[in-house]
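S.K.: First, the structure itself, so that you have it in front of you.
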Amino acid sequence: MTEVVEVGADDQMDVLALEGETAADYLEELLDIADLDGDIDTYVEAGRPHVSILTSGDKLVGPNGEVLEALQDLSRLAVLTKLGRHSRLMLDVAGHREKRRQEIQEIVAAAVAELQSTGEAQSLEAMNPFERKIVHDAVAEAGLHSESEGEGDKRHVVISRPE
């Protein structure tokens, strides 16, 4: 029989901080191998470990954030390999995610205004899971309904009035 061990809030913060440090160590080695410059910062926010690579240029972001997404997946895999636990780690490079968050909030505001004006559901551009989460949160805050539709690279959010 498996024993269930409860983790207190302080212990949970320690585990999340350890996940961030583990990912940071992995990314630091990767930057060294690739001979790329960057400072790495870790913190815990909203129950998730966050790692930021402070660097210039967009080599580590790639087109449409594809390299950033791949690095995040690899960092999560490094945490799983070393700590034996899945992580909800968020990675940002050169403030890309924060800039994108602001862009998405502007897109959502325009779509909400159009919905309020016409009453017609608004279908947004295809987005990755991080971006869709921002949309869903902003739409819920506006008191409207959102739903992800489509598959793979074509997955997008449709905003509508609550049913």
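S.K.: Can you tell me which residues in segment 105-129 are surrounded by 15 or more Cβ atoms within 10 Å (Cβ to Cβ) and under 14 Å from the mean Cα position of the chain (by Cα)?
M.R.: Answer for segment 105-129, where residues must be surrounded by 15 or more Cβ atoms within 10 Å (Cβ to Cβ) and under 14 Å from the mean Cα position of the chain (by Cα): 127, 128.
S.K.: Shifting gears a bit: Can you pull out the residues in segment 150-163 that are open to solvent by 70 Å² or more (accessible area, probe 1.4 Å) and in contact (Cβ under 8 Å) with a residue 24 or more places away in the chain?
M.R.: Correct list: 153, 154, 155, 161.
S.K.: Filter segment 130-143 down to the residues that are within 12 Å of the chain's Cα centre (by Cα) and without any contact (Cβ under 8 Å) to a residue 24 or more places away in the chain and list them by number.
M.R.: 133
S.K.: Continuing with this model, one more query. Of the conditions (1) touching a strand residue (DSSP E or B) at 6+ places or on another chain (Cβ under 7 Å); (2) open to solvent by 50 Å² or more (accessible area, probe 1.4 Å), residue 102 satisfies every one except a single condition; which number is it?
M.R.: That leaves (1) as the condition not met.
S.K.: Can you name every residue in segment 51-91 that is at pLDDT 95 or above, closer than 17 Å to residue 128 by Cβ and of a type outside the set (A, V, I, L, M, F, W, C)?
M.R.: Answer for segment 51-91, where residues must be at pLDDT 95 or above, closer than 17 Å to residue 128 by Cβ and of a type outside the set (A, V, I, L, M, F, W, C): 72, 73, 75, 76.
S.K.: May I ask you to list the residues in segment 60-82 that are touching a Leu at 6+ places or on another chain (Cβ under 8 Å), open to solvent by 60 Å² or more (accessible area, probe 1.4 Å) and either over 19 Å from residue 46 (Cα atoms) or in a loop (DSSP other than H, G, I, E, B) (or both)?
M.R.: Within segment 60-82, 74 is the sole residue that qualifies.
S.K.: Here is a follow-up. Taking segment 130-141 as the region of interest, how many residues are in contact with a strand residue (DSSP E or B) (Cβ under 9 Å, 6 or more places away or on another chain), surrounded by 16 or more Cβ atoms within 10 Å (Cβ to Cβ) and of a type outside the set (Lys, Arg)?
M.R.: 6
S.K.: If I ask for residues that are more than 12 Å from residue 95 (Cβ to Cβ) and surrounded by 12 or more Cβ atoms within 10 Å (Cβ to Cβ), which ones from segment 39-58 would you list?
M.R.: Result: 40, 42, 43, 44, 48, 49, 50, 51.
S.K.: Further question: Residues in segment 129-148 that are of a type in the set (Gly, Ala, Ser) and closer than 18 Å to residue 65 by Cβ: how many?
M.R.: The qualifying residues number 1.
The values are calculated or read from the model by the stated rules, or taken from the named source; none is laboratory data. Just so we're clear, the structure is a prediction, and the values are computed from it rather than from any experiment. Using ideal geometry, Cβ is built from the backbone for each residue, glycine included, and neighbour counts are taken over all protein chains shown. SASA here: full protein model, heavy atoms, side chains in, ligands and nucleic acids out. Shrake-Rupley method; radii C 1.70, N 1.55, O 1.52, S 1.80 Å.
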